[in-house]
Amino acid sequence: MRYSETVHQEAYQLFLQGYACRQISETCHVPLPTIYLWQRRWREKLSGQTLKDLSLEDAGTLLLTTQALRRELEEAQRNLQILHESGILRTIPIRDRSLFARKYADQVPYIYKVFELSSSAFFRYRKESATPSERAKQQALYRKEVQRIFLAPNRHDKTPSSTGGG
C-alpha cells in the first residue's frame, strides 16, 4: 500500500524524535513491517551525515527534541537532588531500601545509588532476600540437625555405661 507524503513525513519526524517503531506504527496507522522498512531506509539515508547535512526542518526537529530531552533530564536530576538532600531515604532501614531497589535492578543500572545504598549493602541484602534453592534448603535442614545433635544437652553423661553401672 502506498502512503501519502504527509504520513511518511510524520513518521519520519517521529523517527527523528527517537520514537520506537511500534509507537510510530500506532501513531501513523502504518503496519509495523512497513515502519521497519522505512526505518532501514532512513538510517541508510542518515548514516554518515552530520547535522549540517540535514534539511533545515530535520535539523530543527532534532534540535527541539534534544532541548526537550535536556529539560527532562535536568528536571529529573533536580528531583533526585532534592530527594537526596532531604535525607528522607536515610530514615528507611537499609534492608527495606535494598529490597525496594531490587524491584528495579534489572531496569536501572546502579539503582543502589538512587536509594543511597553502597553496592555491597545492595548485593548483600539482594542475596539474603532471594528465594533459597532446594539445595540451600536441604543444607539448612542438615545444619539444624547437626546443631541439634551436637548442641543438645549432653545425654551421654547420664547413661548407665558412663556411670559405671553397666
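Values in this text are rule-based calculations from the coordinates and carry no lab data. What you are looking at is a predicted structure, and each value in this text was computed from that prediction instead of being measured. Please note: Cβ atoms are built from the backbone with ideal geometry, for glycine as well, and neighbour counts cover all protein chains shown.
Restricting the chymotrypsin sites (Phe, Trp or Tyr not before Pro) of segment 6-65 to loop positions (DSSP other than H, G, I, E, B) with no more than 10 neighbouring Cβ atoms within 10 Å leaves nothing. When you filter the chymotrypsin sites (Phe, Trp or Tyr not before Pro) in segment 81-123 for DSSP loop state and at most 15 other Cβ atoms inside 10 Å of their Cβ, you are left with Tyr104, Tyr110. The residue among Gln13, Gln147, Ile35 whose Cα reaches farthest toward the positive pole of the charge dipole of the chain, with charges on the beta-carbon of Lys, Arg, Asp and Glu, is Gln147.
Hey, with R₀ at 41 Å, roughly what FRET efficiency would Arg143 and Leu89 work out to, going by the Cβ-Cβ distance, to 0.05? About 0.70, to the nearest 0.05. Computed over the chain, the per-residue total of -39500 (n - 2.57) for DSSP H runs of n ≥ 4 gives a 222 nm mean residue ellipticity of -21000 deg cm²/dmol, rounded to 500.
With charges set only on the Cβ (+1 for Lys and Arg, -1 for Asp and Glu), what does the dipole of segment 16-55 come to about its Cα centre, in debye to the nearest 20? Computed charge dipole of segment 16-55: roughly 100 debye. Here Lys45 is the anchor, and the aspartates and glutamates within straight C-alpha reach of less than 13 Å, apart from those fewer than 8 places off in the same chain, are Asp53, Asp58.
Exposure here means at most 15 other Cβ atoms within 10 Å; with trypsin sites (Lys or Arg not before Pro) in a DSSP loop as sites, the longest stretch of the chain lacking them is 3-102.
Put a plus charge on the Cβ of each Lys and Arg, a minus charge on the Cβ of each Asp and Glu, and nothing anywhere else: the dipole of the chain about its Cα centre is then about 1160 debye.
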